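Okay, structure first, notes after.
Just so it is clear, none of the values below were taken in a lab; they were calculated from the coordinates. Note that the coordinates shown come from a computational prediction; the quantities given were computed from them, not determined experimentally. For neighbour counting, all protein chains shown are included, and Cβ atoms are generated from backbone atoms with ideal geometry for every residue, glycine included.
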Amino acid sequence: MSILTGNDLLQRLSNYNAEYYCIIEKVEFFPGLIRIYIDERGDNSLGAIQTPMSSTLGIVNESSLSEAKSPIDGKFSISDDSRQYLGYLDFALDDSLLNNQNIIGFQYGNCGYSTARLFRLDQELIDRYHIKST
């Protein structure tokens, strides 16, 4: 198991506005899997928080995420759509993410949240953390 903590990440925030935001706490790598630990907050001023299971992970490009992947699993110690989701999301790691030293990004929810540029998946990171696809 290999971990990138908050200080190791390029960006840690995927936000909708100042009241609805998702902090990426850390990223863990397992064979064929990327686990994203999140702390999503909202004040219910715009209604319920979007479900974390509609979040995406992919390659950052000019205007969106390419090769976007949906979570294959998620577990939350707090699951309250009126104020907070605290837990993690699992994403499959396949060869589509391991090419060309890509910047990997995370976007919370299904619409309106910004993309957090998490890390550059270059050969140095792959070697250091023994990252392998499925």
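Annotations
- Coordinate range along principal axes, alpha carbons of the chain, Å, largest first: 44, 32, 26
- Per DSSP, loop trypsin sites (Lys or Arg not before Pro) in region 100-134 with at most 16 further Cβ within 10 Å: Lys132
- Where trypsin sites (Lys or Arg not before Pro) fall in DSSP loop in region 1-42, at most 16 other Cβ within 10 Å: none
- For region 34-131, the set of GluC sites (Glu not before Pro) satisfying both a DSSP loop assignment and a count of at most 11 other C-beta atoms within 10 Å is given as Glu62.
- Residues whose amide H lies under 5 Å from that of Leu98, counting only those 5 or more places away or on a different chain, are absent; hydrogens are built 1.01 Å from N in the peptide plane.
- If the segment from Lys132 to Glu25 were pulled out straight at 0.36 nm per residue, it would be longer than the present Cα-Cα gap by 36.3 nm.
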